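Novice: Take this structure first; my questions come after.
The values are calculated or read from the model by the stated rules, or taken from the named source; none is laboratory data. Since we're looking at a predicted model, the values are computed, not measured. Note that we place each Cβ from the backbone using ideal geometry, even for glycine, and neighbour counts take in every protein chain shown.
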């Protein structure tokens with residue numbers, strides 16, 4: 001009878017640990033990652049990069065209005 005009690009305690013602790021790990025993993029996957037957002041902003045092309053075929057003179061006219 002004593003063995004059955006310890007098995008129940010072990011299973012309960014194991015399930016609690018698994019629930020904690022699952023919650024942490026879910027939190028990590030759903031939380032926005034600031035460093036990832038900054039990296040995307042820095043690595044994304046700027047509006048000027050979308051027009052590599054525009055001549056420099058035309059670009060200066062466009063920027064000056």
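Novice: Taking the criterion of being loosely packed, with under 10 Cβ neighbours inside 10 Å, at pLDDT 70 or above and assigned to a helix (DSSP H, G or I), would at least one residue in the range 44-58 satisfy it? Please lay out each step first, then the result.
Specialist: Of the range 44-58, the ones loosely packed, with under 10 Cβ neighbours inside 10 Å are 44-47, 49-50, 52-53, 55-57.
So of that shortlist, the ones also at pLDDT 70 or above come out as 44-46.
Among the residues that remain, those that are also assigned to a helix (DSSP H, G or I) are: none.
No - not one qualifying residue is present in the range 44-58.
Novice: Restricting attention to the range 26-39, which residues are surrounded by 10 or more Cβ atoms within 10 Å (Cβ to Cβ) and at pLDDT 75 or above?
Specialist: Matches in the range 26-39: 37, 38, 39.
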